[in-house]
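Working notes, beginning with the structure itself.
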Amino acid sequence: MRSLPLLPTTVVGSYVQPDWLVDRALLTSRSPARVRAEDIWRVPAPYLDAAQDDATVVAVRDMERVGIDIVSDGEIRRESYSNRFATMLDGIDAANPAIREGRSGIPNKVPRIVGPIRRTRAVAVRDVQFLRAATDRAIKITIPGPFTMLQQAVDEHYGDEAAAAMDYAVAVNAEIKELFAAGADVVQLDEPYMQANPDRAKSYAVRAINRALDGCRGLGTTVVHICFGYAYIVSGKPAGYSFLPELDATIADQISIEAAQPDLDCAILRTLPSKTIVFGAIDLADPAVETPETVAARIRKALDHVPAERLVIAPDCGMKYIPRATAYGKLQAMVDGTRLVRRALGAG
């Protein structure tokens with residue numbers, strides 16, 4: 001990874017998919033897809049891969065222009081943050097889905113677990129290779145974590161949640177190692193359902209995450225992202241997490257949280273003493289673009305509890321559901337606000 005400044009900036013994962021690529025009205029009229037949702041794509045199948053590649057370059061260039069230090073591919077090729085990986089595992093039947101209530105309380109179509117969960121092919125390796133060729137900046141790729149994938153499925157095979165989660169973790173572990181080998185600097189596990197289902201999470205989530213990250217130390221930087229859900233779905237968010245201090249026991253290098261929209265009491269950051277914090281400083285529920293000074297003030301609240309050397313600055317969550325102009329403006333404000341704090345700290 002190239003040298004990073006103090007308080008490096010990044011994104012949580014998703015950026016805005018262009019309207020020429022996806023049917024935005026259809027995308028936003030549903031809960032995030034847990035099974036495949038090919039009908040959101042506007043481009044016919046023979047040309048879809050090339051169109052997604054082009055849109056990925058657009059996303060990367062936006063991130064580069066505003067000055068993001070660690071860029072992602074924008075998750076441009078995905079119908080949701082989790083369904084692409086989760087439905088490509090053996091033992092999963094997504095063609096004949098079950099119904100399960102999502103974290104927002106809305107019933108959703110989800111995959112059925114009908115046999116042993118196994119990863120028999122790479123899912124995002126080409127995505128990393130493409131991203132690595134598209135930019136000279138540090139790069140991040142995201143995949144769903146084992147706990148969250150289990151909460152987004154109906155188990156008809158294991159009869160033991162922890163056992164199913166561990167097989168998901170083994171599959172994730174194999175993918176992570178290939179993602180680092182393909183050139184990823186940062187691999188992030190998205191685990192929002194730990195916040196939604198804290199009692200289950202306390203039973204086996206840390207064990208599953210550690211199995212997913214086993215043997216990855218030294219290959220690159222690992223991150224676990226936890227949040228309250230996309231802002232367009234979840235408008236009212238609590239000021240504290242039901243599951244966060246427990247993540248200090250994971251072997252992940254970094255923990256990614258949202259803090260801006262919920263106006264998080266940053267004292268909770270002290271409960272993660274061994275981790276770098278990816279700090280959400282951009283409120284994605286507010287359509288107004290923050291000023292750099294607003295972003296700087298949010299970062300300073302975190303600095304009251306965590307040293308600058310253990311902070312990475314990001315939006316609260318993925319930017320998939322907001323207009324591109326808004327996303328671009330918010331990222332620019334985030335970068336400019338971070339630079340204000342760096343200068344005040346004597347770090348340029």
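Loop-located trypsin sites (Lys or Arg not before Pro) in the range 1-68 (DSSP state not H, G, I, E or B) with no more than 16 neighbouring Cβ atoms inside 10 Å: R2, R30, R42.
Annotation: extensible slack from A122 through R61 equals 19.4 nm (criterion: 0.36 nm per residue apart, minus Cα-Cα distance).
Note on the chain: with charges restricted to the Cβ of Lys and Arg (+1) and Asp and Glu (-1), its dipole about the Cα centre is near 320 debye.
Model label points for V154 and S203, set 7 angstrom from Cα along the Cα-to-Cβ axis, are 1.9 nm apart. Estimated from helices alone, the mean residue ellipticity of the chain at 222 nm is -10500 deg cm²/dmol (sum of -39500 (n - 2.57) over DSSP H runs with n ≥ 4, per residue). Report the Cα centroid-to-centroid distance between the range 48-101 and the range 245-316 in angstrom, as an integer. Centre-to-centre (Cα) distance: 24 Å.
With contacts taken as Cα pairs under 8 Å and at least 6 residues apart, the range 24-344 reaches a relative contact order of 13 percent.
For the range 1-129, the mean projected area of the C-alpha convex hull, equal to one quarter of the hull surface, is 10.0 nm². As a proxy for reagent exposure, S80, S256 were ordered by neighbouring Cβ count within 10 angstrom, fewest first; the result is S80, S256. Between A297 and T271, how high is the FRET efficiency from 1/(1 + (r/R0)^6) when r is the Cβ-Cβ distance and R₀ = 22 Å? Nearest 0.05. According to the calculation, E is roughly 0.45. For a label point 7 angstrom out from the Cα of L340 toward its Cβ, which stretches of the range 249-285 have the backbone nitrogen within less than 16 Å? Under 16 Å, as judged by backbone N against the label point of L340, lie 260, 281-283 of the range 249-285. Among the DSSP helices (H) of the chain, none spans at least 18 angstrom by Cα along its long axis with an average Kyte-Doolittle hydropathy of 1.6 or more; this is a geometric and hydropathy rule only.
Putting +1 on Lys and Arg Cβ atoms and -1 on Asp and Glu Cβ atoms, find which of C266, V278, G215 reaches farthest to the positive end of the dipole of the range 162-286. Value: G215. Modelled spin labels at D39 and D286, positioned 7 Å past Cα toward Cβ, are 3.7 nm from each other. Within the range 4-42, name every residue whose backbone N is under 11 Å away from a label modeled 7 Å from Cα of R324 along the Cβ vector. The answer is 16-22. Projecting label points 7 angstrom from Cα along Cα→Cβ for T28 and D54 puts them 2.4 nm apart.
Charges were assigned to the Cβ only: +1 to each Lys and Arg, -1 to each Asp and Glu. The resulting dipole of the range 297-348 about its Cα centre is roughly 100 debye. The tail of the calculated P(r) for the chain beyond 35 Å holds 15 percent of all Cα-Cα pairs. Within the range 33-81, the percentage of alpha carbon pairs spaced more than 11 angstrom apart rounds to 70%.
Bear in mind that the values in this text are calculations on the coordinates, not laboratory data. Keep in mind that what you see is a predicted model, and the values were worked out from it rather than measured. Glycine also receives a Cβ, built like all others from the backbone with ideal geometry; neighbour counts cover every protein chain displayed.
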